[in-house]
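Q: After the structure tokens below, expect a handful of questions from me.
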Amino acid sequence: MKVRAGYISEKFRNLSFEEILKNLSDRQSAVYNMILEFGPISIEETAKLMQTEKNCISGRFTELSNLDLIEVVGWTKNKTETRSIGLYRVKKWDPQLSFMF
């Protein structure tokens, strides 16, 4: 059977993605799940939902962004200030991720 071009690299990518999700800290997992459920969402809104201060979770947003798990998809104005804040969502992955090996 001939293997489709890119199949092997996709298999390694999928295994890597699963490994990254398994190795997230508790706080990273909590933030990731909030973004997955309520996204697109800002850091401030996530902090309110998690009943914590935004400075306690803002680093987790950076870490998840660096792992390519979340992305900024838009901007909105903060309700108390006039500055722009980012809206985050879980990155869309290739539909082939749903296939089992």
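The values are calculated or read from the model by the stated rules, or taken from the named source; none is laboratory data. What you see is a predicted model, and the numbers here were worked out from it, not measured in a lab. Because the Cβ atoms are built from the backbone with ideal geometry, glycine has one as well, and the counts that use them run over all protein chains shown.
Q: Of the residues in region 63-83, how many are polar (S, T, N, Q) and surrounded by 11 or more Cβ atoms within 10 Å (Cβ to Cβ)?
A: Residues flagged as polar (S, T, N, Q) and surrounded by 11 or more Cβ atoms within 10 Å (Cβ to Cβ) within region 63-83 amount to 3.
Q: If you go through region 47-101, how many residues are touching a Lys or Arg at 6+ places or on another chain (Cβ under 7 Å), in a strand (DSSP E or B) and at pLDDT 90 or above?
A: 3
Q: Let me ask something else about it. Quick one: would you say SER25 is in contact with a Gly (Cβ under 7 Å, 6 or more places away or on another chain) and either modelled with pLDDT of 90 or more or surrounded by fewer than 16 Cβ atoms within 10 Å (Cβ to Cβ) (or both)?
A: Considered against the rule, which asks whether it is in contact with a Gly (Cβ under 7 Å, 6 or more places away or on another chain) and either modelled with pLDDT of 90 or more or surrounded by fewer than 16 Cβ atoms within 10 Å (Cβ to Cβ) (or both), SER25 comes out as no.
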